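S.K.: Below you'll find the structure I mean.
Read the figures in this text as sums done on the coordinates, not as results from a lab. None of the values given here were measured: they were computed from a predicted structure. With ideal geometry, Cβ positions are generated from the backbone for all residues, glycine too; neighbour counts draw on all protein chains shown.
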Amino acid sequence: MKNEFDLSGRVAVVTGASSGLGADAAIAYARYGADVALLARRVDKLGKVASEIEAMGRQALPLACDVIDEAQIKAAVEQVIKHFGKIDILLNNAGIAIRGTVEQLTVEDWDRAMNTNLRGMFLMAKYVVPHMRERKYGRIVNMASVNAVIADKNEMLARHVYNASKAGVRGLTLGMAASYGEDNITVNSIGPGLFESEMTQNTLFANEQFMRFYNAINPMSRPGKRGELNGTIIYFSSDASSYVTGQHIIVDGGTAIV
């Protein structure tokens, strides 16, 4: 019986692959049989991830790439295609979270977050989609956030540019899904809630008062654990979701429902 989740023979590109959810996803892709191109600004931190992937008998290609730099993105995509011959899966994961209300944010804060979280996904797609259209196959997964659909009154969590950029990811996902379905390219997004990562461990997770608050309002009374996002990523990246496009799955322990 065919395993619809099997990624053997597939090539996945992961942005923001040096740590956290991106690194976990890259290793999950290899576990399901894919070879993986690892893109991140800090290429020196990709070695550990690449070693884990290669230990599973899969290929890893670490590449330095800042998603706000169009030239670096174009060059990285060309290198991946030259090395592997194709790109089947794109996980647009690179992102940053800047705290602050519209009164507190600087224009530089706004531009940096928008350029990383939204413009970077546009640029990755700009150079990957033509290749996928030519091959009539593609799976694109855009990492949004639960904060694409909910906001926080709590001052500690007010992140207006993060809300705006991640809501933009949803809009971009919808537009791409509508345009490229006939090319057998699916485009979906994921909305993680709070997960421990390099971005959160020294801020939110280090704040005992906040963690008590978060656990009290979360129906599962805890943040997400490492690996708990991978099932959704693999689903959207595999043929198990071949007739699913333009959709958004929130993985947040139920925070968005209360």
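S.K.: Mind checking the angle between helix 20-31 and the chain's longest principal axis? C-alpha axes, 0 to 90 degrees, to the nearest 10.
M.R.: 30
S.K.: Given the convex hull of the Cα atoms of region 93-219, what is a quarter of its surface area in nm²? Kindly include the intermediate steps, with their values, before the conclusion.
M.R.: Working: hull surface 34.7 nm².
Result: 8.7 nm².
S.K.: Using alpha carbons only, how many angstrom separate the centre of region 201-258 from the centre of region 1-56?
M.R.: 20
S.K.: Can you give the local net charge around residue 220? Use residues other than it whose beta-carbon is closer than 11 angstrom to its beta-carbon, Lys and Arg +1, Asp and Glu -1. Before the final figure, lay out the partial values.
M.R.: On the way: positive: 222, 225; negative: 228, 252.
Its environment carries a net charge of 0.
S.K.: Let me ask you something else. Taking Cα pairs under 8 Å and at least six residues apart, what relative contact order does the chain come out at, in percent?
M.R.: On the way: 503 pairs, mean separation 49.1, N = 258.
Value for the chain: 19 percent.
S.K.: Throw me the Rg/Rh for region 164-258, computed over C-alpha atoms with Kirkwood Rh, two decimals. Please list the in-between numbers first.
M.R.: Numbers: Rg = 15.7 Å, Rh = 14.9 Å.
Radius of gyration relative to Kirkwood radius: 1.05.
S.K.: So, how do all the Cα-to-Cα distances of region 54-134 break down into 10 Å bins, in percent, from 0 on up?
M.R.: P(r) for region 54-134, in whole percents per bin: 16, 41, 26, 13, 4, 0.
S.K.: Place a +1 charge on the Cβ of each Lys and Arg in region 11-247 and a -1 charge on the Cβ of each Asp and Glu, then give the dipole magnitude about the Cα centre in debye, rounded to the nearest 20.
M.R.: The dipole of region 11-247 has a size of about 280 debye.
S.K.: So for 143, 132, fewest C-beta neighbours within 10 Å to most, what's the order?
M.R.: Details: 143 25, 132 22.
Ordered by Cβ neighbours within 10 Å, fewest first: 132, 143.
S.K.: Assuming a ≥ b ≥ c are the square roots of the Cα gyration tensor eigenvalues, decide whether region 11-247 counts as rounded (a/c under 1.5), prolate (otherwise, with a/b larger than b/c) or oblate.
M.R.: Taking the square roots of the gyration eigenvalues as a ≥ b ≥ c, region 11-247 is prolate.
S.K.: At R0 = 30 Å, how high is the FRET efficiency between residue 257 and residue 226 if r is their beta carbon distance? Nearest 0.05 is fine.
M.R.: On the way: r = 23 Å, r/R0 = 0.77.
It comes to 0.85.
S.K.: Can you tell me which aspartates and glutamates have their Cα less than 12 Å from the Cα of residue 126? Leave out same-chain residues fewer than eight positions away.
M.R.: 70
S.K.: Then there's this: What are the lysines whose alpha-carbon lies under 23 Å from the alpha-carbon of residue 153, with same-chain residues fewer than 8 places away excluded?
M.R.: Straight-distance partners of residue 153: 166.
S.K.: Treat every Asp and Glu Cβ in region 7-65 as -1 and every Lys and Arg Cβ as +1, leave all other atoms uncharged, and give the resulting dipole magnitude about the Cα centre to the nearest 20 debye.
M.R.: Details: 7 positive and 5 negative charges, 20 e Å.
Computed about the Cα centre, the dipole is about 100 debye.
S.K.: Measure nothing but the geometry: give the 0 to 90° angle between the long axis through the Cα atoms of 120-135 and the longest principal axis through the Cα atoms of the chain, rounded to 10°.
M.R.: Relative to the chain, helix 120-135 is tipped by roughly 30 degrees.
S.K.: Here's a follow-up. What does the extension gain come out to for residue 109 and residue 205, with contour length at 0.36 nm per residue minus their alpha carbon separation? Walk me through the numbers before you get to the answer.
M.R.: On the way: separation 96, 0.36 × 96 = 34.56 nm, distance 2.27 nm.
So the extension gain works out to 32.3 nm.
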